[in-house]
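**Q** Here's a structure for you.
Since every read-out is calculated from the coordinates, none of them should be taken as a lab result. Just so it is clear, the structure is predicted and the values come from calculations on it, not from any experiment. FYI the Cβ positions are ideal-geometry reconstructions off the backbone, even for glycines, and counts take in every protein chain you see.
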Amino acid sequence: MPSYVPHTDADIAAMLAFCGLSSIDELWETIPSALRLAGGLDIAPGLSEPDTLARFERLGAANRACGPDLVCFAGAGAYDHEIPSAIRRLANRTEFVTAYTPYQPEVAQGVLQALFEYQTLVARLTGLEVANASLYDGASACVEAVNLAVAAAGRSTVWVSRGVHPTWRETMRTFAAGTGHDLVDVDLVDGTTAWPAGGEPAALLVQYPNHLGCVEDLAAARAVADAHGAMLLVAVDPVAAGMLRSAGDFGADVAVGEGQPFGTPLSFGGPYLGLFACRLEHVRRLPGRLVGETVDADGRRAYVTTLRTREQDIRREKASSNVCTNQTLIAVTCAIQLAWLGTGGLRELARRCARGARYARDGLLALDGVEPVATAPTIREFAVRPPVDSATVVDRMLEEGFLAGVPLDESVGAGDGLLVAVTERRTRDEIDAYVAAVERVIK
Amino acid sequence: MSGPAGGRATSIPLMGRDEEPTVFELSSTGRRAWSFRTTGVPEWPEDELVPAGHRRDEPVPLAEVSERDLVAHFTRLSHRQYSVDLGAYPLGSCTMKYNPKLCDDVAAMAGLANVHPAAPVATIQGWLELLVELGESLCAITGMHSATLQPPAGAAGELTGLLLMRAWHRDHGEDATRRRVIIPDSAHGTNPASVTLGGYEVTTVPSDDRGCVDVAALRERLDTDVAGIMLTNPNTLGLFEEDILEIARSVHEVGGLLYYDGANLNAILGVTRPGDMGFDIVHMNLHKTFAVPHGGGGPGAGPVAVSERLARYLPGPCPVRLADGTFGWHAPDRSIGRVHSWHGNALALARAASYIVANGGDGLQQVSEVAVLNANWLRHRLRGVYDVPFDRPNMHEVVFSATNLKKARGLRAVDVAKRLLEEGFHAPTVYFPLIVDEALMVEPTETESPETVAALADAMERIAQDSADAAHDAPRTTPVGRVDEARAARQLIPTFDARRSGGAD
């Protein structure tokens, strides 16, 4: 087995002697003998590096990964986008990978500046003034947005559109058991949220475009929020944002989202990236870390984590968020990819996804028995209702070489359907073959 | 031992002291790095792709740089960053050990990295097997019954554990009456914050003069309104809670549950187990004990393991081994629900799984043996140079105090920390735990050689003899000098755009 412990037996003996000890066992004198584990761990002995790698290669081979043999049309918050070589190389630099949280800013300017650039890019993408240095994923960003809104409003009811990803809503519900927040599901009507009239919500949470891929009317959502003195929280698709007016432009108080599309592979769902941006007036309630610019003792530009008094290690039981470790490396990756895409590339990326989705949607809806789940406009993801159960379609399509999409969760309230995402990677030939295969499997 | 032979992990950061402009300042209109696949997908006018009221007029202004400039920029930023691969990080409570490179290769395997999280069970058998085996290993290490791998970080694991606690008491008709969670005054800040977010009130229990939980004071605080206690063992002073069995008995007697904060698990692998101590709920920081790299602050992974009676409350879906030898998902019947968008930080879990496989049970035990030996050696070596508030056998970390130096010459813990940066080491954790004045919490970990640990001790000894004036100016050899944190908060500049507008007050 490999050992990452450098000490030789002679080293260990010398160090023990220095401590006045004669054996390793004497290190454990403060542990009651009844608690000492006799016989060591019930875990197999270590494997050599090549044997370990072979074992995990075997596990990888036991999956069917997305690629030429399983062409990906699945999305639902996890997208098969291109990751450029430059991003892979830069994001894997060990200075970023093996750094700690930047608590000593004098030796952490690299991570701090990368996060400052990330915050700037996310703020511009969402049309808001300030973004934090990341949360865990889309779901945790929603949880924190609700916590912020409830703390600011002093009311605990939040209206949550059923167009928000089902797993994000479930996660919010899990954590609401602790905070006591009252999350009220709001139904979709033909693909977009139908806000109720009465009630006193602290906030509205809507996804843009939503889980069905439909573009929600944010101006209407803002008006409903205003009528109730409530905040507007918007979960944005950061890729579609390349073509859509920003959440901030529609008056959102908080924008959250899943940053995985920018440089992070599908990764079986993690680590992903929780995007979180808000208006400056809410900055003192911002969850997680925030990097700010300042100067060093010689007046040179420098970066540092700031407004630290918001954070759990200082506020302790008065904290409104317990986030400590976040997703810094994924945020740095996102920043690098957004800079690689740049002003023109993000728009082109969004356009290409939208064109592919339109082409695939037209193809599927031309098939006998395939209906749209909703008629509201979609951008880069859409839901169709096949004539056979959509889980069956997904299973049969595996044999055709496609991950056909994600069956709709019943909590969306839109009935059965297949959620289909098309990224810039999908060629016309792949889409044609996909549509032809769907036609075969629904017969 | 401090002779010239042997590898040392110390280095003053390599980089020059030149300021690096932001990527926005490097931008030049029309320059680009992007390129996309040729797809043959037909064109549509943009106004047919996006409804009129929602179409963006101008593209999002991001940056406009060539790939060459982009690579140079982020490479230069990386040169302004200290990291484990450059040198030792003796940060107490953070377990900044070396991250084996084989784990990077595992996380990059296409068969793992390119799997969609919503893919059907038939296509994810390898992932499910990996997760099931990791869960089993973590249970073997902690002495627990079953685990969830969903929590993406330690704090998320804590909150998950508290929600499991609440679900248990709710099912026993006591959610309304059990309102308090006890935590020691030496606890990590995430503990009280998690307690609050779990909907509980914090009751603090003091430490006694040995640095352990004051058992008499604990008993005074125990009643039937206590939901549970959160403990770290060894605690944040690096000391083993010797009365843990007595503590467990007392808490269980009033119907409370015991929560184990796994931040310090690196001390006890193969030596003792939280399950045997009486803990009901255990979270682990895979980015500490199991060598998942910290990534500059994340991503980590914070699995939670529980005793048998709490297994039915775990977040679902759980990966499980089925009777026919294949793998599938299982939703526990009284599940608290999901705590993550998908299945947790899966690639971080894969790194930890490969670390456990490579080390094996025997290797993991050696990890703790040497981690504890290194920390005890440091205590012996620096006793008399720094105050040792609790000078008795410690576990994987040791807490010193600069109180003696502050009294003698005005040298504070923060000065020691900043001077160490000049000496080529990352600083220890300072001013924590809160119950020790001028605390310097040092955790060398098992991966630092005797030569490195000796060099760290030599540096700390030199610093202790410094004049305070010299130390107040430190660090002078780092990419930037001491940073004005007060100004950053007073004149907030959280984005490049705020900078251009002169900062937002």
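**Q** Angle, helix A:428-441 long axis vs. longest principal axis of chain A, Cα atoms, 0 to 90°, nearest 10?
**A** So the inclination is approximately 70 degrees.
**Q** Take the alpha carbon atoms of region B:164-180, find their center, do the same for region B:93-120, and report the distance between the two centers in whole angstrom.
**A** The distance from the Cα centre of region B:164-180 to that of region B:93-120 comes to 37 Å.
**Q** Nearest 0.05, what FRET efficiency do A:Arg284 and A:Ala391 give at R0 = 35 Å with Cβ-Cβ as r? Intermediate results must be reported in sequence, preceding the final value.
**A** On the way: r = 46 Å, r/R0 = 1.32.
Computed FRET efficiency for A:Arg284 and A:Ala391 comes out at 0.15.
**Q** Return the FRET efficiency for the residue pair B:Thr75, A:Asp416: r is the Cβ-Cβ distance, R0 is 51 Å, and the value is rounded to the nearest 0.05. If you can, show how the numbers build up before the last one.
**A** Values: r = 50 Å, r/R0 = 0.98.
That pair, B:Thr75 with A:Asp416, gives E of 0.55.
**Q** Next up: Could you list B:Trp44, A:Trp159 in order of exposure, starting from the residue whose Cβ has the fewest other Cβ atoms within 10 Å?
**A** Taking fewest neighbouring Cβ atoms as first place, the list is B:Trp44, A:Trp159.
**Q** Over its Cα atoms, what ratio of radius of gyration to 2.2 N^0.38 Å does region B:79-144 give? Don't skip to the answer; put the middle values down first.
**A** On the way: Rg = 16.7 Å, N = 66, 2.2 N^0.38 = 10.8 Å.
Here the Cα radius of gyration is 1.54 times the empirical estimate.
**Q** Here's something else I'd like to know. In what order do B:His426, B:His287, A:His81 fall by count of nearby beta-carbon atoms within 10 Å, going from fewest to most?
**A** On the way: B:His426 26, B:His287 29, A:His81 19.
Final ranking by Cβ density, sparse to dense: A:His81, B:His426, B:His287.
**Q** Which residues does a label at B:Arg383 reach in region A:12-35, if reach means a backbone N under 16 Å from a point 7 Å past the Cα toward the Cβ?
**A** Within reach of a label on B:Arg383, which here means backbone N under 16 Å from a point 7 Å along Cα→Cβ, region A:12-35 contributes A:15-23, A:26-30.
**Q** To the nearest 10 degrees, how steep is helix A:390-399 against the longest Cα principal axis of chain A, on a 0 to 90 scale?
**A** Tilt relative to chain A: about 70 degrees.
**Q** Give the distance, in whole Å, between the Cα centre of region B:342-396 and the Cα centre of region A:87-152.
**A** Spelled out, the Cα-based centre of one part sits 28 Å from the other.
**Q** Taking each residue in A:202-211, count the Cβ atoms of any other chain within 10 Å of its Cβ, then average. What number comes out? Provide the component values of the computation, followed by the final result.
**A** On the way: counts 0, 0, 0, 0, 0, 0, 1, 1, 0, 0.
Partner Cβ neighbours, averaged per residue: 0.
**Q** Tell me the net charge near B:Val367. Cut-off is 11 Å between Cβ atoms, B:Val367 excluded, with +1 for each Lys or Arg and -1 for each Asp or Glu.
**A** Values: positive: B:Lys97; negative: B:Asp362, B:Glu369, B:Glu446.
So the environment of B:Val367 carries a net charge of -2.
**Q** Given an 8 Å cut-off on Cα distances and at least 6 residues of separation, report the relative contact order of chain A as a percent. Can you show the working numbers first?
**A** Values: 806 pairs, mean separation 89.7, N = 443.
Computed over chain A, the figure is 20 percent.
**Q** Counting only other residues whose beta carbon sits under 11 Å from that of B:Glu246, what net charge do I get with K and R as +1, D and E as -1? Present the calculation step by step, with values, prior to reporting the outcome.
**A** Details: positive: B:Arg219, B:Arg249; negative: B:Glu241, B:Glu242, B:Asp243, B:Glu253.
Summing Lys and Arg as +1 and Asp and Glu as -1 gives -2.
**Q** Ranked by Cβ crowding within 10 angstrom, fewest neighbours first, how are B:Phe432, A:Phe175 ordered?
**A** Values: B:Phe432 20, A:Phe175 28.
Lowest count first: B:Phe432, A:Phe175.
**Q** Grab the DSSP H runs of chain A that are 4 residues or longer, score each as -39,500 (n - 2.57), total them, divide by all residues and round the 222 nm result to the nearest 500 deg cm²/dmol.
**A** Working: 12 runs with 158 residues, N = 443.
Using -39500 (n - 2.57) per qualifying helix, the result is -11500 deg cm²/dmol.
**Q** Related question: So how far apart, in nm, are the two label points at B:Arg55 and A:Ala227 if each is 7 Å from Cα heading toward Cβ?
**A** 2.9 nm
**Q** In chain A, which Cys residues have no partner Cys with a Cβ closer than 4.7 Å?
**A** Flagged as lacking a Cys partner: A:Cys19, A:Cys142, A:Cys214, A:Cys278, A:Cys324, A:Cys334, A:Cys353.
**Q** Tell me the angle of helix A:138-153 to the major Cα principal axis of chain A, expressed in degrees between 0 and 90 and rounded to the nearest ten.
**A** Tilt relative to chain A: about 90 degrees.
**Q** Magnitude of the Cβ-charge dipole of chain B, K/R +1 and D/E -1, about the Cα centre, nearest 20 debye?
**A** Details: 46 positive and 65 negative charges, 82 e Å.
Dipole about the Cα centre, nearest 20: 400 debye.
**Q** Work out the length of the dipole vector of region B:104-358 about its Cα centre, built from +1 on the beta-carbon of each Lys and Arg and -1 on the beta-carbon of each Asp and Glu, and round it to the nearest 20 debye. Walk me through the numbers on the way to the answer.
**A** Working: 17 positive and 28 negative charges, 129 e Å.
For region B:104-358, the charge dipole is close to 620 debye.
**Q** Let me spell out the model: positive unit charges on the Cβ of Lys and Arg, negative unit charges on the Cβ of Asp and Glu, origin at the Cα centre of region A:146-226. What dipole size does that give, in debye rounded to 20?
**A** Values: 5 positive and 9 negative charges, 46 e Å.
Roughly 220 debye for region A:146-226.
**Q** How crowded by other chains is B:269-278, given as the mean number of beta carbons from other chains within 10 Å of each beta carbon?
**A** On the way: counts 4, 6, 10, 7, 4, 1, 0, 4, 4, 1.
Rounded to a whole number, the mean comes out at 4.
**Q** Just to be sure I understand the model, the point goes 7 Å from the Cα along the line to the Cβ. What's the resulting B:Asp473 to B:Asp458 distance in nm?
**A** Label at B:Asp473, label at B:Asp458, 2.5 nm between them.
**Q** Going by the alpha-carbon gyration tensor, a ≥ b ≥ c the square roots of its eigenvalues, is region A:241-329 rounded (a/c under 1.5) or, if a/c is not under 1.5, prolate (a/b greater than b/c) versus oblate? Provide the component values of the computation, followed by the final result.
**A** Values: a/c = 1.44, a/b = 1.37, b/c = 1.05.
Cα axes put region A:241-329 in the rounded bin.
**Q** Further question: Over chain B, what is the relative contact order in percent, taking alpha-carbon pairs closer than 8 angstrom and at least six residues apart?
**A** Values: 930 pairs, mean separation 102.0, N = 505.
Contact order relative to length: 20 percent.
**Q** Then there is this: Enumerate the helices in chain B for which the Kyte-Doolittle hydropathy averages 0.5 or more and the C-alpha atoms extend at least 20 Å along the helix's axis, using complete DSSP H runs. If you can, show how the numbers build up before the last one.
**A** Working: long enough: B:125-142 (26 Å, 0.82); B:154-171 (26 Å, 0.03); B:346-382 (41 Å, 0.33); B:450-464 (21 Å, 0.41).
What comes out of the filter, once short or polar helices are dropped, is B:125-142.
**Q** Could you order the peptides B:122-129, A:42-49 from most to least packed, using the average number of other C-beta atoms within 10 Å per residue?
**A** On the way: B:122-129: 21.0, A:42-49: 15.9.
Averaged packing, sorted descending, gives the order B:122-129, A:42-49.
**Q** In the protein assembly as shown, with Lys and Arg counted as +1 and Asp and Glu as -1 at Cβ, which of these residues, B:Pro21, B:Ala153, B:Met230, has the Cα nearest the positive end of the dipole, that is, farthest along it?
**A** So the residue furthest toward the plus end is B:Pro21.
**Q** Report the relative contact order of region A:86-335, percent, no decimals, based on alpha-carbon pairs under 8 angstrom and at least 6 residues apart.
**A** Working: 504 pairs, mean separation 68.7, N = 250.
For region A:86-335, the relative contact order is 27 percent.
**Q** I would also like to ask the following. Give the average, rounded to an integer, of partner chain Cβ atoms located within 10 angstrom of each Cβ in A:74-87. The partial results should precede the final answer.
**A** Details: counts 4, 2, 5, 4, 7, 1, 2, 0, 4, 1, 6, 1, 6, 4.
For this peptide, the per-residue mean of nearby foreign Cβ atoms is 3.
**Q** Between A:Ala44 and A:Ser22, what FRET efficiency comes out of the Förster formula 1/(1 + (r/R0)^6) with R0 = 45 Å and r the beta carbon distance, rounded to 0.05? Spell out each step's value before the answer.
**A** Details: r = 31 Å, r/R0 = 0.68.
According to the calculation, E is roughly 0.90.
**Q** Between A:Ala145, A:Gly263, A:Leu115, whose Cα lies farthest towards the positive end of the dipole of region A:86-335 when Lys and Arg beta carbons carry +1 and Asp and Glu beta carbons carry -1, centred on the Cα centre?
**A** Farthest towards the positive end: A:Leu115.
**Q** Between A:Gly178, A:Leu218, A:Gln104, whose Cα lies farthest towards the positive end of the dipole of chain A when Lys and Arg beta carbons carry +1 and Asp and Glu beta carbons carry -1, centred on the Cα centre?
**A** Sorting the options by dipole projection puts first A:Leu218.
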